[in-house]
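The structure appears below as structure tokens.
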């Protein structure tokens, strides 16, 4: 546990989070892969307001394929680039629906 109340359980390398680990911080938590103290690889970032991102990270930012869930439960899946969701977002209205690019699914 850190002085600010944050908690980390996982791998370290040269004093930085590196490998696989779980980090609990003031606004939420992250579980997944780390590189040089940053989210890097596959992981899940959850916030206490109910929002969540699960997918690939690079240098601390969402980068690659991932799914986001808003606090009201709206789900989206797509390609992220340097923390920004690409315009080619696939909206998921139901876990049992088929996916259609750029269209809402009933």
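Each reported figure results from applying straightforward, stated rules to the coordinates on display, with no laboratory input. Keep in mind it's a predicted model, so treat the numbers as computed, not measured. Counting neighbours? That spans all protein chains shown, and the Cβs are built from the backbone with ideal geometry, glycine included.
Subtracting the Cα-Cα distance of residue 1 and residue 70 from 0.36 nm times their residue separation leaves 22.0 nm of extension gain.
Each of 48, 20, 30 was scored by other Cβ atoms within 10 Å of its Cβ. Listed from fewest to most, they are 48, 20, 30.
Rank these for me by crowding, 84, 44, going from fewest to most other beta carbons within 10 Å. Could you put the intermediate results ahead of the total?
On the way: 84 11, 44 17.
Ordered from fewest to most neighbouring Cβ atoms within 10 Å, 84, 44 come out as 84, 44.
When 22, 80 are arranged by Cβ crowding within 10 Å, least crowded first, meaning fewest neighbours, the order is 22, 80.
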